[in-house]
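The values are calculated or read from the model by the stated rules, or taken from the named source; none is laboratory data. From a predicted model like this one, the values you see are computed outputs, not experimental measurements. Positions of Cβ are backbone-derived with ideal geometry, glycine not excepted, and every protein chain shown enters the neighbour counts. Ligands, DNA and RNA are excluded from the accessible area calculation, which covers all protein heavy atoms including side chains. Shrake-Rupley method; radii C 1.70, N 1.55, O 1.52, S 1.80 Å.
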Amino acid sequence: MRTQAGERLEVLIPAQDIQARVEHLGKRITLDYEDKELVLIAILKGSFVFVADLARAIDVPLSVDFMAVSSYGMSTKSSGVVRIIKDLDYSLDGKHVLVVEDIVDTGLTLNYIYGHVKSRGAMSVKICSLLDKVSRRQVAVPVHYKGFEIPDEFVVGYGLDVEERYRNLPDVCRVVRS
Ligand code: IMP
């Protein structure tokens with residue numbers, strides 16, 4: 001793909017590995033939620049590609065809702081200050097919720113979302129994240145379903161961006177700046 005001047009992309013996780021892992025997660029989630037009413041809550045924008053593939057890999061009836069949050073600013077560092085830009089459309093009363101996130105870095109964003117969703121009357125709340133930068137964690141959040149643990153590098157693709165670019169890459173890539 002065409003890149004910004006002074007920027008190069010290196011594939012970290014190829015598309016076929018992502019697809020295989022998503023299929024595996026879908027099978028595990030299908031078994032765990034066999035007789036339950038499942039709601040996937042996708043955190044925009046980064047998880048829009050992941051949730052589309054994950055939802056189709058899960059073989060139980062489910063509904064999908066979206067939350068959009070933002071850390072202040074366009075920085076590549078999480079500020080820990082989370083703002084809700086779009087809240088949930090539906091009540092979670094009596095539902096089993098799976099929060100679908102693209103990546104957990106410091107954990108600050110997900111920690112806030114987890115608390116927010118738990119306060120909305122769900123029977124259970126679990127977290128599924130495609131990527132996990134474990135070494136960067138500042139607050140403990142339970143990631144019940146995890147795609148890949150990755151090193152402390154900034155990555156893009158498969159929904160993830162840098163300043164809104166590269167979300168449409170099929171692979172997860174590291175951004176190398178020269
Ligand atoms: P946390 O609050 O530090 O865990 O940050 C989580 C959010 O930061 C994610 O939902 C992403 O939007 C963004 N983020 C963290 N690391 C990356 C990355 O490597 N690439 C793209 N976005 C990232």
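Assorted remarks:
- One residue alone among R165, R83, R137, R174 is over 21 Å from D17 (Cα atoms), surrounded by fewer than 19 Cβ atoms within 10 Å (Cβ to Cβ), of a type in the set (K, R) and in contact with a Phe, Trp or Tyr (Cβ under 8 Å, 6 or more places away or on another chain), and that residue is R83.
- Every condition in (1) open to solvent by less than 30 Å² (accessible area, probe 1.4 Å); (2) more than 25 Å from H24 (Cα to Cα); (3) outside any loop (DSSP other than H, G, I, E, B); (4) out of contact with any Leu (no Cβ under 7 Å at 6 or more places or on another chain) holds for S129 except the one numbered (2).
- D171 meets all of the listed conditions (1) in contact (Cβ under 8 Å) with a residue 24 or more places away in the chain; (2) within 13 Å of the ligand (Cβ to nearest atom); (3) among the acidic types (D, E) but one, namely (2).
- Out of S47, S63, S70, sole residue that is under 30 Å from R177 (Cα atoms), at pLDDT 95 or above and touching a strand residue (DSSP E or B) at 6+ places or on another chain (Cβ under 9 Å): S47
- Candidates L38, L25, filtered to the one that is within 15 Å of the chain's Cα centre (by Cα), of a type in the set (A, V, I, L, M), away from the ligand (no atom under 16 Å from the Cβ) and at pLDDT 95 or above: L25
- Selection status of S124, of a type in the set (S, T, N, Q), open to solvent by 10 Å² or more (accessible area, probe 1.4 Å) and either over 23 Å from L31 (Cβ atoms) or modelled with pLDDT of 95 or more (or both): yes
- Of the criteria (1) closer than 30 Å to S91 by Cβ; (2) touching a helix residue (DSSP H, G or I) at 6+ places or on another chain (Cβ under 6 Å); (3) not polar (S, T, N, Q), which one A122 fails: (2)
- Filtered by the rule that a residue be near the ligand (Cβ under 6 Å from one of its atoms) and open to solvent by 10 Å² or more (accessible area, probe 1.4 Å), the stretch 102-120 gives D102, I103, D105, L108, T109.
- Qualifying residue in the stretch 24-36 (condition: open to solvent by 10 Å² or more (accessible area, probe 1.4 Å) and under 22 Å from N168 (Cα atoms)): no
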